[in-house]
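Taking it in order: structure first as structure tokens, then the write-up.
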Amino acid sequence: MTEESITEILRTVKYPGFSRDIVSFGLVKQARGDHGKVYVRIELTSSKRDVAEAIDRDATKALAAEFGEDNIHVEVHLPTEETQAPQQQTTSGINRIIAVASGKGGVGKSTTSANLACAFRKMGLEVGLLDCDIYGPSIPLMMGASGRPEINAEEKIIPLNAHGVRVMSMGFINEGDNPVIWRGPMIVKTIQQFLFSVAWGNLDVLLVDLPPGTGDAQLTLCQTVPLAGGVIVTTPQEASLGVVRRGINMFRKVNVPILGIIENMSYFEDASGNRNFIFGEGGGRTEAERQNVPFLGEVPIIQSIREGGDAGVPVTAQDHQSGAGKAFFDAATALYSTAFK
Ligand SMILES: Nc1ncnc2c1ncn2[C@@H]1O[C@H](COP(=O)(O)OP(=O)(O)OP(=O)(O)O)[C@@H](O)[C@H]1O
Ligand SMILES: [Mg+2]
């Protein structure tokens, strides 16, 4: 009856609605055996009572099967009011915020964010897209959105509308090619403003395109923003180099659930339909399995994906749900099933 053996059993307890367990979500704060008794303390970050009850019941049942019903003391704690209140108050109307991250630059993170946003919109959801890439905001170009946002009567910034998606980006404020030279704390402040001083209205989901990398800036952002979860975009070759693991670790450090991995630029399909796995095959899926996180799909290299981005019309905003957009629609559907419970 060691901490390890108790924790091992708790790994079989899934967080309701997720394929991940309560240990990997970082919710188990204490697991201890003492004179034949098991003491477990679980601290939730959500105040949903039914979630707490389900976890309490499942954890108790799993431990009782091994150590006997009378020896199990499971405590499930809901977050305290102070730790919760600011989040609810400041992002009222936004149902869930999902961050899109990558360990490295240039893997197609912004392309993926823009296409997921448009796919969710086509699926009938109310969608926002927040570009947190202060230094190289590419969302305005990809979404075909430009101009200075207006301020409403409540002095909130009105996001621009592109393809039915509400979009906010530093690119709207700092128009043109002026380089933005800022220090970390200013970036976090600006992002907070984007989150809390923008008239997002009611959103089913706000997608956040994080700056590339997994350094301090990204970590701070993950802590600042009340995230429902994170998605990691990777290419096959970076997956095999452990870059994905850095992204996963970043989210885990701040207890943000990992909603899944999307592999971009998975293969190139030639004119006769042969798939060329230029960067190797299956890297993203293998890494997802190894890390025990959902794999959301593979997006091939397709010319119209690049063209759609350059023209400001992501492929998923175009009419069809087939062809180039299909892979992104499939990924959006998979993400929907892991994140929208
Ligand atoms: N699946 C794809 N097929 C074809 N082109 C793609 C695909 N994914 C991304 N691209 C192209 O690759 C380039 C880089 O993509 P993108 O800007 O989305 O990457 P990023 O990870 O956001 O980069 P950064 O780190 O600079 O923010 C863009 O020109 C984009 O159009
Ligand atoms: Mg980008």
Candidates SER138, SER146, filtered to the one that is surrounded by fewer than 22 Cβ atoms within 10 Å (Cβ to Cβ), modelled with pLDDT of 90 or more and in contact with a Ser or Thr (Cβ under 6 Å, 6 or more places away or on another chain): SER138
Some residue of segment 274-293 being within 16 Å of ligand 2 (Cβ to nearest atom), acidic (Asp, Glu) and in a helix (DSSP H, G or I): no
Residues satisfying the stated conditions in segment 282-312, i.e. charged (D, E, K, R), away from ligand 1 (no atom under 14 Å from the Cβ) and crowded, with 16+ Cβ neighbours inside 10 Å: ARG285, GLU287
Failed item in (1) within 16 Å of ligand 2 (Cβ to nearest atom); (2) modelled with pLDDT of 95 or more; (3) surrounded by fewer than 22 Cβ atoms within 10 Å (Cβ to Cβ), with PHE172 passing the rest: (2)
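Looking only at segment 269-319, how many residues end up being of a type in the set (A, V, I, L, M, F, W, C) and closer than 18 Å to THR112 by Cα? Working first, answer last.
We begin by selecting, within segment 269-319, every residue of a type in the set (A, V, I, L, M, F, W, C); these are 271, 277-279, 288, 293, 295-296, 299, 301-302, 305, 311, 313, 315, 317.
This time we only want the ones that are closer than 18 Å to THR112 by Cα, so: 288, 295-296, 299, 301-302, 305, 311, 313, 315, 317.
Of the residues in segment 269-319, 11 are of a type in the set (A, V, I, L, M, F, W, C) and closer than 18 Å to THR112 by Cα.
Here's the yes/no breakdown for (1) more than 16 Å from ligand 2 (Cβ to nearest atom); (2) of a type outside the set (A, V, I, L, M, F, W, C); (3) in the same structural domain as ALA101 (by TED's automatic domain parsing); (4) not in a loop (DSSP other than H, G, I, E, B):
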{"residue": "ILE261", "(1), (2), (3), (4)": "yes, no, yes, yes"}
{"residue": "LEU296", "(1), (2), (3), (4)": "yes, no, yes, yes"}
{"residue": "PRO300", "(1), (2), (3), (4)": "yes, yes, yes, yes"}
{"residue": "ASP310", "(1), (2), (3), (4)": "no, yes, yes, yes"}
Residues of segment 104-131 satisfying the condition of being buried (at least 16 other Cβ atoms within 10 Å of the Cβ) and within 10 Å of ligand 1 (Cβ to nearest atom): LYS104, VAL107, GLY108, LYS109, SER110, THR111, THR112, SER113, ALA114, ASN115, ASP131
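The values are calculated or read from the model by the stated rules, or taken from the named source; none is laboratory data. Being a predicted model, the structure only gives us computed values, none of them experimental. For neighbour counting, all protein chains shown are included, and Cβ atoms are generated from backbone atoms with ideal geometry for every residue, glycine included.
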